[in-house]
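Below you'll find the structure, written out as structure tokens, and then a few comments.
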Amino acid sequence: MKHYPHYLELHPAMHARGTVRLPGSKSISNRTLLLAALAQGTTQIFDLLASDDTHVMLMALQQLGVKWEQVGDTRQYTVHGVNGVFPVHQADLFMGNAGTAIRPLTAALAVIGGDYTLHGVSRMHERPIGDLADALNAVGTQIEYTGQPGFPPLHIRRGHIHAQRMQVKGNVSSQFLTSLLMAGPLMAQDQAVTIDVVGELISKPYIEITLNLMRRFGVTVERHGWQSFTIPAGQRYVSPGTIHVEGDASSASYFLAAGAIAGGPVRVEGVGLNSIQGDVRFVEALEQMGAAITMGDNWIEAKSSGVLKAIDADFNHIPDAAMTIAVAALYADGTSTLRNIGSWRVKETDRIAAMAAELRKLGAVVEEGADYLRVTPPAVIQSAAIDTYDDHRMAMCFSLASLDGAARRGNLIRINDPKCVAKTFPDYFDAFAKITQDNLF
């Protein structure tokens, strides 16, 4: 893994142009690893993301007795499926701060049964999991909180499942529904299982990713709008043989925004018209701001068509990529409003509070609400030391504030604790330097 200093200084960049090959999607990578582990048969996974979060999942699966091998030092892995039963029935699993690992794994372990403890870094113990645990315990699993109720760490013991119908809240994290869906076939051997969503379901595109990957592994889910999902009885996960992980669409947002802010063209490779990730819809927001976007089957390109326009939009469907819009708003011609982003509060950090604090350092006027952010850009972006809150997306977003060097008259952006990008994109700053004429020092 790349070694970073305690901070990086990004010198002003006049232009952004070039091509970036994206790392694999985190969401697809960790879902694929768990499905391959649970499946019957052996799966060859290509282009798996190399990051802290996937490492956490790989290590947990190894502790649970799942055999896997990395092919040399490539991003190709071979996972030997356990056909729905983990060989190891007692384990203490460290999950870091990987929501995409702890939540689906909690559901699978609770349904399969055993004696397991799951814990993570201190921030993980502040990230809610109660809605998922409550939904599972209501149908007979035994998940106990060993710290604060509703949050990890957890102790899972063998329960007695009776899961014809379940319900889960949809307004905190779509990962709770994803976890129940992925564990669904393990509960639906003798009878169908229906999962009802209580309230509004946020981040619907991430559920689409889950359903798509489940189909790849041989399981179909009947969707009744966004309020109810039925897993028919008697289905098992079966390896598709090989599967390729798309490039990460959330990571694409930083480079595409750079092209929109600082001329371009900037092209990302690994996602495009055929992507199963909802975050590719980030480009619609960029287009609303005035960027010129072109797309192919496996690439997207952005360039500037002049001054960016302010935006007022609902970002419930793409909360991660929406963070990039908040920083792009520094370059807009007026006040931008990002609405329906309450899920930011329970991510790697409280992203609404963190984003507001750091944008203000740059001279922006920011209004922070329970589920919205309003950003008025400064006349001139100020030099600032940006705190990253151990949140990979904070570090990557605020690299964009180093763009447009002419207007900024030589100001510097310092990114504190840049190593946090290892969560999803260890080589991010090298890739960013490549498109900004090596402005990294």
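The values are calculated or read from the model by the stated rules, or taken from the named source; none is laboratory data. Given the structure is predicted, the values throughout are model-derived calculations rather than measurements. Heads up, the Cβs are rebuilt from the backbone with ideal geometry, glycines too, and the neighbour counts pull from every protein chain shown. When the accessible area is computed, the model is the full protein with side chains, heavy atoms only, and any ligands, DNA or RNA have been set aside. Shrake-Rupley method; radii C 1.70, N 1.55, O 1.52, S 1.80 Å.
Relative to the current alpha-carbon distance between VAL88 and ALA370, full extension at 0.36 nm per residue lengthens the span by 97.2 nm. Remark: accessible surface ordering of TYR145, TYR389, TYR237 (largest first) is TYR389, TYR145, TYR237, probe radius 1.4 Å.
For the chain, the share of DSSP beta bridges that are antiparallel, to the nearest 5, is 60%. Quick check: from the Cα gyration tensor, does segment 316-404 come out rounded (a/c under 1.5), prolate or oblate? Note, shape of segment 316-404 comes out oblate.
Name the residue, out of THR230, THR32, THR242, whose mean-square fluctuation peaks in a Gaussian network model built on the chain with Cα pairs under 10 Å. Between THR230, THR32, THR242, it is THR242 that shows the largest mean-square fluctuation. Divided by 2.2 N^0.38 Å, where N counts the residues, the Cα radius of gyration of segment 265-304 comes to 1.06.
To the nearest 10, the accessible area of TRP344 is 0 Å² with a 1.4 Å probe. Note on GLN189 and ARG17: the model spin-label points, each 7 Å out from Cα along the C-beta direction, lie 6.1 nm apart. Filter the cross-link list LYS169/LYS204; LYS26/LYS309; LYS347/LYS423 down to pairs whose alpha-carbon distance in this structure exceeds 22 Å. Too far apart for the 22 Å limit: LYS26/LYS309. In segment 66-196, a dipole from Cβ-located charges (positive for Lys and Arg, negative for Asp and Glu) runs towards its positive end, and of VAL121, GLY96, SER174 it is SER174 whose Cα lies farthest in that direction. Loop-located trypsin sites (Lys or Arg not before Pro) across segment 248-350 with a Cβ neighbour count of 16 or fewer within 10 Å are LYS309, with loop assigned by DSSP. What are the residues whose amide H is under 5 Å from the amide H of GLY369, where those residues sit 5 or more places off or on another chain and H is modelled from the backbone? Answer set, sorted by chain and number: ARG374. Based on every Cα atom in segment 101-188, Rg and the maximum pairwise Cα distance Dmax equal 11.7, 35 Å.
When the chain is modelled as a GNM with alpha-carbon springs shorter than 10 Å, which of ASP131, ASP320, ASP92 fluctuates the most? Per the Cα network of the chain with a 10 Å cutoff, ASP92 tops the list.
Taking only the alpha carbons of segment 286-353, we obtain Rg and Dmax values of 13.2, 37 Å in that order. Against the main long axis of the alpha-carbon atoms of the chain, helix 249-261 sits at an angle near 10°.
Computed over protein heavy atoms with a 1.4 Å probe, the accessible surface of the chain works out to 36 Å² per residue. Distance distribution note for the chain: the fraction of Cα pairs above 31 angstrom is 38%.
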